[in-house]
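Working notes for the structure below.
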Amino acid sequence: MHSVTARQTAAWQIGELSRRTGVNIETIRYYERIKMVPAPPRSANGRRAYGVAEARILSFIRRSRELGFSLDEIRALLVLSAGDSHEVCAEARELAVGHLAEVRAKIADLCAMERVLADAVQRCDVGGAPGCPLIDTLSRRGPQQLRGPKVSPGSRHRGLHPEDPT
């Protein structure tokens, strides 16, 4: 297995690291603050000197975020990436299976949302009824019509953490 966290030297500044990985500079700083990316060594002039190891970690995090993994799941995957055994692969698979189930549940929720919206739009197209069917649909209360995505304070959805700039 290829370790994401293997250390190799280079001396890039944060802008170059951002360009190479496609990760925003503020996001890199955020990941350093929350210790997703280890603090890089400093050059003689005091600037952070990033290298291949940080680029690998950031690329891994970026790709994992694109697939919807939470930061806690990514932390676990980063730890697992340093190992080299069948148990590591089994643990990574278990994590991915759980995440896949969540993705499939979100897809089902989105399909339900699509059906409700399509029905409301179709009723608007038909016309004839007093009022607006779309506004009526949006005004109704209750989960019996639509089981939408659940967003909680600890939500794993991208960009919902108040400090997460991704």
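Derivation of every value follows stated rules applied to the coordinates shown; laboratory data play no part. If you're wondering where the values come from, they're calculated on a predicted model, not measured in any experiment. Backbone-built Cβ (ideal geometry, glycine too); neighbour counts: all protein chains shown.
Rg and Dmax of segment 1-129, using alpha carbons, in Å: what are they?
20.9, 76
Across segment 23-33, in residue order, what do the Karplus-derived ³J(HN,Hα) couplings come to in whole Hz, using 6.51 cos²θ - 1.76 cosθ + 1.60 with θ = phi - 60° and x for Gly and Pro?
9, 4, 4, 5, 5, 4, 4, 4, 4, 5, 4
Run the dipole for segment 14-81 about the Cα centre, Lys and Arg Cβ at +1, Asp and Glu Cβ at -1, nothing else charged, and hand back the magnitude in debye, nearest 20. List each step's numbers first, then the result.
Working: 13 positive and 7 negative charges, 44 e Å.
Dipole magnitude for segment 14-81 comes out near 220 debye.
Can you compute the charge dipole magnitude of segment 96-139 about its Cα centre, using +1 on each Lys and Arg Cβ and -1 on each Asp and Glu Cβ, nothing else charged? Give it in debye, rounded to the nearest 20.
100 debye
Once phi is turned into ³J(HN,Hα) by the Karplus curve 6.51 cos²θ - 1.76 cosθ + 1.60 with θ = phi - 60°, what whole-Hz value does each residue of segment 98-103 show in order, with x for glycine and proline?
Once θ is set to phi - 60°, the couplings for segment 98-103 become x, 5, 4, 4, 5, 4 Hz.
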